[in-house]
1. Give, rounded to the nearest 20 debye, the magnitude of the charge dipole that the stretch 10-104 has about its Cα centre when Lys and Arg contribute +1 at Cβ and Asp and Glu contribute -1 at Cβ.
2. Under 12 Å between alpha carbons, and skipping anything fewer than 8 positions from residue 73 in its own chain: which aspartates and glutamates qualify?
3. Taking a label point 7 Å from the Cα of residue 59 along the Cα→Cβ vector, which residues of the stretch 30-52 have an amide N closer than 14 Å to it?
4. Length gain on complete extension for the stretch residue 89 to residue 36, per 0.36 nm per residue less the alpha carbon to alpha carbon distance?
5. Please state the relative contact order of the stretch 10-104 as a whole percent: Cα pairs under 8 Å, 6+ residues apart?
6. Only loop residues by DSSP count here, and only those with at most 10 other Cβ atoms within 10 Å; note down the trypsin sites (Lys or Arg not before Pro) in the stretch 1-83 that meet that.
Amino acid sequence: MSQVAASFDSRWVSVLGSGGRPWAVRIKAKIDTGAKRCSIDLGLAAALGLEHVGERTVRNAMGRQTRPLFAAKVRIGRRIYDVEMTGADRSTLRCPMLLGKELLDRLEPTPLRSARDDGYPVFH
């Protein structure tokens, strides 16, 4: 069984289902500051019933690819964000979702809970 990536390069998120699926799935998403937009595994997008809203051409290590574009609601911490993400086969990767700059730039800082008695935050 493979381990999930360390917390510095990934984050727990919840992706809310759509199309009559009123539940969410909590997954580990890889943070990728080099990626423009988010990406989700095609099988997970289908299982969640995410709305297909078009297609986008993306550049990656394999050149240019046209991928389906999905609309989703993603919960990170206590906030819910409306996100457009491309679909890709991520079944062999550690994280079924990738967080790109379009979403990362919108994230609001989350205050850290202090585990010390002097009031200073503890970084994990």
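1. Working: 18 positive and 8 negative charges, 79 e Å.
The dipole of the stretch 10-104 has a size of about 380 debye.
2. 51, 82, 84
3. 34-37
4. 17.3 nm
5. For the stretch 10-104, the relative contact order is 38 percent.
6. Hits after loop and neighbour filter: 78.
Bear in mind that the values in this text are calculations on the coordinates, not laboratory data. As the structure is a computational prediction, the values presented were derived from the model and not from experiment. As a convention, Cβ positions derive from the backbone with ideal geometry for all residues, glycine included, and neighbour counts pool all protein chains shown.
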